[in-house]
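Heads up, the thing below is written out as structure tokens.
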Amino acid sequence: MAPVGPIGIHHITAISSFPDENVGFYQQVLGLRLVKQTVNFDDPYTYHLYYGDAGGTPGTILTFFPWDRMPGGRPGAGMMVSTAFAVSREALSYWVQRLNGTGIPVQKAFRFGEPVLEFKDPHGLTVELIGTENLPSISHWDESPVDRLHGIRGFHSATALQSRLEGTQALLTNSMGMVLHASEKNRYRFKMNGASSAGQYLDVVVDRSAPKGRLGTGTVHHIAFRAKTDREQMAWQAHLRQAGVNVTEVRDRNYFKSIYFHEPGGVLFEIATDSPGFAIDEPLERLGSSLMLPANYEGIREEIEAVLPPLQTQAFEHAS
Ligand code: ZN
């Protein structure tokens, strides 16, 4: 039987340049918690950094592969081109000031009746803050430099750019249980199934003349959707395979299990399980404070640590 559809975005993974600058921006400016310092399981001599709410709740997690020797990417067709977080409408003027105070220019827009602030992180990744009445419940990180009232409340949505809509729409609605919720000009909003969980929307912007995107720093590597249990993930795998989608085997990512596939427009999709979560290898109060390795890399910890210097988490000073 077909699964009912993902209840929301699980995480989004992007490529950054220098890790210290990445931590400085996401933790010190955006106020997210670094919930895990680990390595890229497919490339263990590079960091994999995870940010989220206090507990790393699915739907709040933005992760980075800091590949500082990689050239800059180019967002384009077949890629996720922006990541939007939810904030309260009242918080938007605070964020304009806060971002401008760090020298980051902010563009304002309206989308489906909600105000949007758009800006780029230090390595060129497009990030948005959307003021919404429909705030997901997350667990605020008490040590965040941003207070609870103004703080980021998990994902609002994420946007893919495509040169054609049809194939992507068919996969999302016929095989992934999403519904076309609204459209505005060339933007189509698909909704997932979790009423109050973070990251309910996947937007597809269609531009027939958009050049193909190129992966590199400042671009999104993939987007992951939630499966509540291992069993639900297996059901997804079987269901998608039946629909002719080329889905990987289940991979153990320590903090969740993952399957991957490309949607027809070229974006790498993942379905990730909610459990076991980030407190599996370090206590909740110490999440993100030291380099955690999966068991199979503990034997080469010294070599890894020789290549990955400890993070300087205070790199970005907010000039308020
Ligand atoms: Zn992932």
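A few comments on the model shown:
- Whichever residue in the stretch 116-143 is open to solvent by less than 20 Å² (accessible area, probe 1.4 Å) and free of Cβ contacts under 8 Å to residues at least 40 places away in the same chain and, among such residues, is nearest to LEU215 (Cα to Cα): PHE119
- When MET70 is tested against (1) part of a strand (DSSP E or B); (2) open to solvent by 10 Å² or more (accessible area, probe 1.4 Å), exactly one condition is not met: (1).
- If you go through the stretch 236-252 and keep only what is within 16 Å of the ligand (Cβ to nearest atom) and either buried (at least 17 other Cβ atoms within 10 Å of the Cβ) or of a type in the set (S, T, N, Q) (or both), you end up with TRP236, GLN237, VAL247, THR248.
- Summed over the stretch 256-265, residues that are more than 10 Å from the ligand (Cβ to nearest atom), touching a Phe, Trp or Tyr at 6+ places or on another chain (Cβ under 9 Å) and not β-branched (Val, Ile, Thr) total 3.
- Condition check for SER290: surrounded by fewer than 13 Cβ atoms within 10 Å (Cβ to Cβ) and either within 16 Å of the ligand (Cβ to nearest atom) or small (Gly, Ala, Ser) (or both): yes
- Matching residues in the stretch 4-30 - criterion: being open to solvent by 10 Å² or more (accessible area, probe 1.4 Å) and in contact with a Gly (Cβ under 7 Å, 6 or more places away or on another chain): VAL4, ILE7
- Of the set (1) over 22 Å from LYS120 (Cα atoms); (2) within 16 Å of the ligand (Cβ to nearest atom); (3) touching a Lys or Arg at 6+ places or on another chain (Cβ under 9 Å), all apply to ARG226 but (3).
- Residue count for the stretch 239-298, restricted to those that are closer than 14 Å to HIS222 by Cα and in contact with a Pro (Cβ under 8 Å, 6 or more places away or on another chain): 2.
- Residue among LEU268, LEU284, LEU215 that is within 15 Å of the ligand (Cβ to nearest atom), of a type in the set (A, V, I, L, M, F, W, C), in contact (Cβ under 8 Å) with a residue 12 or more places away in the chain and open to solvent by 50 Å² or more (accessible area, probe 1.4 Å): LEU215
- All of (1) surrounded by fewer than 18 Cβ atoms within 10 Å (Cβ to Cβ); (2) over 30 Å from GLY72 (Cβ atoms); (3) away from the ligand (no atom under 16 Å from the Cβ) hold for SER197 with one exception: (1).
The values are calculated or read from the model by the stated rules, or taken from the named source; none is laboratory data. Since this is a predicted model, take the numbers as computed values, not measurements. Quick reminder, even Gly has a Cβ in these numbers, built from the backbone with ideal geometry, and neighbours come from all protein chains shown. Only protein heavy atoms, including side chains, enter the accessible area calculation; ligands, DNA and RNA are left aside. Shrake-Rupley method; radii C 1.70, N 1.55, O 1.52, S 1.80 Å.
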